[in-house]
Amino acid sequence: MEDKYIKILENFLPHDLYNECNETSKNLLKHGKNFKTNQSWDDNVRRDSSTVLVYDIYDQELKNKISNTVKDKFKREIKGIMFYYWMPCSHIPWHNDASHSGGITIYLNEKWDKNHGGIFLFDDGKEIRGIYPNKNIAIEQYGNIRHSVCPTSMNSNIRRTIQMFF
């Protein structure tokens, strides 16, 4: 049986795939339709967050490229792949993804100002640790580890991620 853990990998997606995901996420935000929002999330997970847009990736070729990279590096079969767009003043309070075994987040923003918040926090059992949403970092959290995302500031850029659950 596997323990609870957080695994962090830098430069996760190959350069060309990162660029494709980054550009696709930007184009979808600009021209896309069929977004869901965090309004469908449980009240305890949404709380007072501003809008988080969610886009299920339907492009099978892109999904396969991402999924194959995940299988190579994390050895996981994932349930779905989504782009998340964290608007200014959005966050997610402490939770443990109880309906999933775990999840993977990949950060897409080329640059992130630390003053804009949006830090991924997790409780490792000894202390609260944080990871800034820096370009192409992947975080795998497994075993229902309690985690959250700090609110983004009123003037932040949109925090863009790829989100997967397994």
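Among the residues of region 83-105, are any free of Cβ contacts under 8 Å to residues at least 40 places away in the same chain and either within 13 Å of the chain's Cα centre (by Cα) or more than 22 Å from TYR5 (Cβ to Cβ) (or both)?
no
Quick test of your reading of the structure: PHE83 fulfils all but one of (1) in contact with a helix residue (DSSP H, G or I) (Cβ under 7 Å, 6 or more places away or on another chain); (2) within 19 Å of SER49 (Cα to Cα); (3) in a loop (DSSP other than H, G, I, E, B). Name the failing condition by number.
For PHE83, the exception is condition (3).
From (1) modelled with pLDDT of 95 or more; (2) at positive phi, pick out the condition that doesn't hold for LYS75.
Exception for LYS75: condition (1).
Restricting region 86-102 to residues that are at pLDDT below 95 and part of a strand (DSSP E or B), which is farthest from LYS26 (Cα to Cα)?
HIS95
How about region 114-143: which of its residues are in contact (Cβ under 8 Å) with a residue 12 or more places away in the chain, β-branched (Val, Ile, Thr) and under 21 Å from SER49 (Cβ atoms)?
Once the filter is applied, which keeps residues that are in contact (Cβ under 8 Å) with a residue 12 or more places away in the chain, β-branched (Val, Ile, Thr) and under 21 Å from SER49 (Cβ atoms), region 114-143 yields ILE119, ILE131, ILE139.
Which residue, of GLY80, GLY103, is in contact with a strand residue (DSSP E or B) (Cβ under 7 Å, 6 or more places away or on another chain), under 22 Å from PHE12 (Cα atoms) and surrounded by fewer than 14 Cβ atoms within 10 Å (Cβ to Cβ)?
Working: GLY103 fails: surrounded by fewer than 14 Cβ atoms within 10 Å (Cβ to Cβ).
The conditions single out GLY80.
Which ones in region 1-46 are surrounded by 11 or more Cβ atoms within 10 Å (Cβ to Cβ) and aliphatic (A, V, I, L, M)?
Hits for region 1-46 are ILE6, ILE8, LEU9, LEU13, LEU17, LEU28, LEU29, VAL45.
The values are calculated or read from the model by the stated rules, or taken from the named source; none is laboratory data. These numbers come from a predicted model, not from an experiment. Neighbour counts run over all protein chains shown; Cβ positions are idealised from the backbone, glycine included.
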